[in-house]
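Nothing in this text is a laboratory measurement; each read-out follows from the coordinates by a stated rule. Quantities reported herein were computed from a predicted structural model and do not represent experimental measurements.
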Amino acid sequence: MGYFRILSAIPGFFLSSWFTMLLWGAIAPKFGVAGIGYPMAMLITISLWLAVAPLAAAAGRK
């Protein structure tokens, strides 16, 4: 069953990356930083997911 959970997370990853790119583009000019493209948004998203996944797993075990 775990394999299908991983497969079901794939569309969420791409959608989260797209939202990250859009929100970064809306917020970045206010702080004077450059916008990011989709590949960089994917890198940011996977980094956040890898940081949050162990916390979510630990919270789910309780």
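General remarks:
- Shown for the stretch 2-57 is the translational diffusion coefficient from the Stokes-Einstein equation, using the Kirkwood radius over Cα pairs, a temperature of 25 °C and a viscosity of 0.890 mPa s: 200 µm²/s.
- Axis angle, to the nearest 10 degrees, between helix 38-61 and the longest C-alpha principal axis of the chain: 30 degrees.
- Among Leu15, Leu50, Leu23, residue whose mean-square fluctuation peaks in a GNM of the chain (springs only between Cα atoms under 10 Å): Leu50
- Rounded to the nearest 10 degrees, the angle from helix 2-31 to the longest Cα principal axis of the chain is 20 degrees.
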